[in-house]
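The values are calculated or read from the model by the stated rules, or taken from the named source; none is laboratory data. In this text the structure is predicted, and so the values were computed from the model without any measurement. Note that each Cβ is placed from the backbone with ideal geometry, even for glycine, and that neighbours are counted across all protein chains shown. Heads up: the accessible areas ignore ligands, DNA and RNA and are worked out on the full protein's heavy atoms, side chains in. Shrake-Rupley method; radii C 1.70, N 1.55, O 1.52, S 1.80 Å.
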Amino acid sequence: MASVVGEELEEISSTLEAARLAGDARWSEVVNKENFKRLVLGMIVQLFQQFTGMNIIMYYSTRIFQKVGVQEFVATAVVGIINFVTTFGTLVLVDKYGRKSLLLGGGMGMSVSVALGGVVIVLSGATFSSDQCSSDQLSKFQGGLVVFCVCLFVFSFALTWGPVAWVVTSEIFPLRVRGKCVSITTASNWTGNFLIGYGTPLLLASLGVKGTFFLMAVCNAAATFFILISLPETKGLSLEQIDKMFSGRSLLEVSEYRHYLRCGCCRKSTSRHRLRFSLGGDDDDDMTPESDDKEELLIDDEKATSL
């Protein structure tokens with residue numbers, strides 16, 4: 001164990017020293033062939049964090065709850081408490097289940113929850129002659145179901161996309177250009193924030209609550225699909241291993257989406273990443289029978305650790 005830690009520390013020290021000797025990164029390095037795909041990935045992840053629709057709920061929850069005939073200020077307070085408390089759960093889950101699996105699960109959870117909220121309004125028969133339905137068009141039970149769906153949506157976001165998007169964008173970039181790349185991805189997040197803040201009143205006026213919910217469901221489904229085919233799992237990988245993982249490979253290749261579809265979870269796919277790049281392999285052809293045995297041992301070790 002001590003030798004492994006020493007080797008890891010030496011590798012990090014040599015990387016930092018090389019970056020120091022090379023001086024400050026130029027902007028041209030940010031958009032070179034190897035870094036540009038990571039930059040695009042980070043920007044889209046941050047845009048999708050806004051397009052999940054969380055800030056539609058946070059900025060306009062009182063209007064939304066008023067439209068469905070519930071106590072808007074009480075419901076908004078409940079949503080805020082759920083958002084605050086649930087975020088702490090990410091501290092435990094992000095290194096246990098991985099970044100990608102949380103984003104996939106959260107995206108599906110958010111998509112289903114807001115879609116159910118829209119279905120409840122549709123089945124209630126509420127009409128939207130203007131930009132709202134009156135409180136007598138939804139029963140208290142139906143209004144409560146809508147609030148429950150919104151709370152489930154907020155729970156899913158706060159546990160996954162809220163904090164994990166920032167974890168991902170802080171890990172995928174090389175140390176030399178990280179500052180510049182993270183600043184660009186953060187700017188894309190605020191751009192999405194502006195679009196949501198400006199466009200939500202127009203959405204509510206034209207589509208109503210149910211239409212806005214269905215649009216949010218579609219955006220979350222799109223975000224989930226994008227994460228599946230583009231984002232690699234970085235859990236358990238050093239910065240040097242992440243650099244090697246991206247080197248010379250497309251986002252589709254590095255995402256290993258086939259393993260996620262095959263396994264139904266990220267545990268084994270994460271183990272393959274950790275084993276492959278610790279052994280210096282680049283693709284599945286490098287995974288020999290001996291490597292597969294080591295992979296199974298690594299998975300067993302992770303299971304034992306989680307227990």
* Breaking point among (1) open to solvent by less than 40 Å² (accessible area, probe 1.4 Å); (2) touching a residue at least 60 places away in the same chain (Cβ under 8 Å), for SER113 -> (2)
* If you scan region 176-194, which residues turn out to be within 19 Å of the chain's Cα centre (by Cα) and touching a residue at least 60 places away in the same chain (Cβ under 8 Å)? -> CYS181, VAL182, ILE184, THR185, THR186, SER188, ASN189, THR191, GLY192, ASN193
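Could you please let me know if VAL164 is among the hydrophobic types (A, V, I, L, M, F, W, C) and touching a Cys at 6+ places or on another chain (Cβ under 8 Å)?
On the way: among the hydrophobic types (A, V, I, L, M, F, W, C): yes; touching a Cys at 6+ places or on another chain (Cβ under 8 Å): no.
Against the criterion (among the hydrophobic types (A, V, I, L, M, F, W, C) and touching a Cys at 6+ places or on another chain (Cβ under 8 Å)), VAL164 does not qualify.
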